[in-house]
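Take a look at the structure set out below.
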Amino acid sequence: MLKIGITGQNGFIGNHLYNSIGLFKEEFEIVIFEKSIFEEISKLEEFVKKCDVIVHLAALNRHDDDKVLHDTNILLTEKLIKALIQTKSKAHVIFSSSTQEEKDNLYGKSKMTSRELFINWSSLSGGKFSGLIIPNVFGPFGKPNYNSVVATFCYKLINNENPKIENNSLIKLIYVGELIDKILEIIRNCQGQSKIIINETNEINVSDLLKKLSSFKVQYIDQGKIPNLENSFDINLFNTFRSYLDLEYFFPRKYLKHSDYRGCFVEVIKLGVGGQISFSTTDSGITRGNHFHTRKIERFSVIKGNALIQLRKIGDKKIHDFYLNGDEPAYVDMPIWFTHNIKNIGNDVLYTIFWINEFYDENNPDTYFENV
């Protein structure tokens with residue numbers, strides 16, 4: 001079993017990598033990293049000793065002073081290399097550099113210099129090193145005004161701000177889940193390579209990106225529709241957009257209920273995308289679910305009975321409780337990387353309609369069990 005440590009474990013990419021590695025418990029073991037470890041060389045050496053693989057992600061991406069950014073990133077690299085030398089480590093070090101290496105800025109220079117320092121360490125020590133040249137990365141839980149323009153646009157749109165386009169350039173993007181798959185592939189291959197180009201999976205003009213995200217806001221938030229998601233990029237972008245919702249403010253969303261002498265009629269879901277719809281009955285006191293998805297879009301609609309729907313982000317302790325009653329039909333959508341369940345808290349049978357955006361595939365179910 002490979003023991004993997006991730007510097008920058010709590011950062012955007014680091015947290016996604018940490019959670020993804022956690023899906024393969026029989027293959028990998030995580031060596032826990034905390035930011036304070038860099039402040040004490042003995043702790044850093046203990047961390048290094050435990051690792052078969054070290055993914056070095058810790059870095060500053062932005063700072064008011066470019067020189068501070070440059071010097072900090074190189075200092076982190078130098079500290080890690082010193083610990084590798086002191087412990088005579090033969091770990092496979094994987095370093096996240098950037099396409100900014102090609103540009104004349106201090107951030108790019110800090111990445112290139114760090115990669116060169118690791119190459120020198122590996123040639124002298126016999127350790128393995130993989131230097132990844134990574135394009136712009138986007139995905140759920142990225143930090144606005146820091147990680148990517150996608151995160152900034154999503155956050156501003158959901159908070160009813162007007163994003164501004166400073167440069168309508170063509171941006172090259174990779175979804176964080178796709179990047180994690182590449183990193184896991186490199187870990188499994190156990191082969192060092194000083195320069196590995198991670199190709200972008202999509203290109204889009206900034207104005208077209210904003211237009212697409214703005215359409216998500218109109219359709220999903222204002223109109224309650226699931227947008228037309230034509231390809232994996234649209235799905236990844238939509239899941240990223242949804243990750244910035246304030247769940248307790250946004251859910252549960254009540255349906256428009258039409259009633260007359262015949263009974264009632266409720267439009268449950270307006271779709272611009274396919275998938276499958278199912279329903280269930282749940283006896284009193286029974287709980288369904290306690291699992292999460294990493295790509296699927298899912299809606300729970302309570303049409304009869306009393307339900308408690310619970311969500312908890314993987315790696316977090318906060319539980320979001322939503323109480324739904326069939327007398328006022330409502331729904332809650334399940335964000336990716338949130339484990340969720342639904343419990344019948346009434347005395348009568350609970351009736352629930354489920355929609356999910358893809359057919360169930362037993363060979364690739366994207367369903368991971370974890371109690372809320």
Output the number of residues of region 325-364 satisfying the condition of being farther than 24 Å from PRO227 by Cβ and either under 22 Å from the mean Cα position of the chain (by Cα) or outside any loop (DSSP other than H, G, I, E, B) (or both).
-> 8
All but one of (1) more than 19 Å from PHE359 (Cα to Cα); (2) at pLDDT 95 or above; (3) of a type outside the set (A, V, I, L, M, F, W, C) hold for TYR261, so report the exception by its number.
-> (2)
Got a sec? Which strands (runs of 3 or more DSSP E) wholly within region 200-306 have at least 1 residues that are within 30 Å of ILE319 (Cβ to Cβ) and open to solvent by 20 Å² or more (accessible area, probe 1.4 Å)?
-> 257-260, 263-266, 276-282, 287-292, 298-304
Hits in region 38-59 (condition: without any contact (Cβ under 8 Å) to a residue 24 or more places away in the chain and not acidic (Asp, Glu)) = SER42, LYS43
Of TYR331, TYR360, which residue is aromatic (Phe, Trp, Tyr) and modelled with pLDDT under 95?
-> TYR360
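A quick yes/no check of all residues on (1) within 24 Å of GLY126 (Cβ to Cβ); (2) of a type in the set (D, E, K, R); (3) buried (at least 19 other Cβ atoms within 10 Å of the Cβ):
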position	(1), (2), (3)
ASN10	no, no, no
ILE13	no, no, yes
LEU23	no, no, no
ILE37	no, no, yes
LYS82	yes, yes, no
PHE95	yes, no, yes
ASP104	no, yes, no
Which number in (1) in a helix (DSSP H, G or I); (2) within 30 Å of ILE4 (Cβ to Cβ) marks the one condition that LEU173 misses?
-> (1)
Test result for SER20, within 30 Å of PRO365 (Cα to Cα) and in contact with an Asp or Glu (Cβ under 9 Å, 6 or more places away or on another chain) = yes
Among the residues of region 74-94, is any hydroxyl-bearing (Ser, Thr, Tyr), in a helix (DSSP H, G or I) and closer than 17 Å to LEU44 by Cα?
-> yes
Only residues that are surrounded by fewer than 20 Cβ atoms within 10 Å (Cβ to Cβ) and either out of contact with any Lys or Arg (no Cβ under 9 Å at 6 or more places or on another chain) or not hydrophobic (A, V, I, L, M, F, W, C) (or both): list them for region 314-340, please.
-> ILE314, GLY315, ASP316, LYS317, LYS318, HIS320, ASP321, TYR323, ASN325, GLY326, ASP327, GLU328
Just one of (1) within 19 Å of the chain's Cα centre (by Cα); (2) under 26 Å from PRO227 (Cβ atoms) trips up ASP316, so point out which.
-> (2)
Check ILE174 against each of (1) open to solvent by 60 Å² or more (accessible area, probe 1.4 Å); (2) touching an Asp or Glu at 6+ places or on another chain (Cβ under 6 Å); (3) of a type in the set (A, V, I, L, M, F, W, C) and name the one condition it does not meet.
-> (1)
Subset of region 18-56 that is in a loop (DSSP other than H, G, I, E, B) and over 20 Å from the mean Cα position of the chain (by Cα) - its residue that is farthest from TRP337 (Cα to Cα) | GLU40
Taking region 212-267 on its own, how many of its residues are among the aliphatic types (A, V, I, L, M) and under 15 Å from TYR155 (Cα atoms)?
-> 6
Starting from region 212-241, take each residue that is farther than 16 Å from GLU298 by Cα and list its partners that are open to solvent by less than 10 Å² (accessible area, probe 1.4 Å) and of a type in the set (Asp, Glu), counting only C-beta distances under 8 angstrom and pairs at least six apart or across chains.
-> LYS212/ASP234
Total residues in region 155-171, condition open to solvent by less than 70 Å² (accessible area, probe 1.4 Å), farther than 19 Å from LEU245 by Cβ and not hydrophobic (A, V, I, L, M, F, W, C) = 1
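The values are calculated or read from the model by the stated rules, or taken from the named source; none is laboratory data. Every value quoted in this text rests on a predicted model; they were computed, and no experiment measured them. Note that each Cβ is placed from the backbone with ideal geometry, even for glycine, and that neighbours are counted across all protein chains shown. Please note that ligands, DNA and RNA were not included when accessible areas were found on the heavy atoms of the full protein model with its side chains. Shrake-Rupley method; radii C 1.70, N 1.55, O 1.52, S 1.80 Å.
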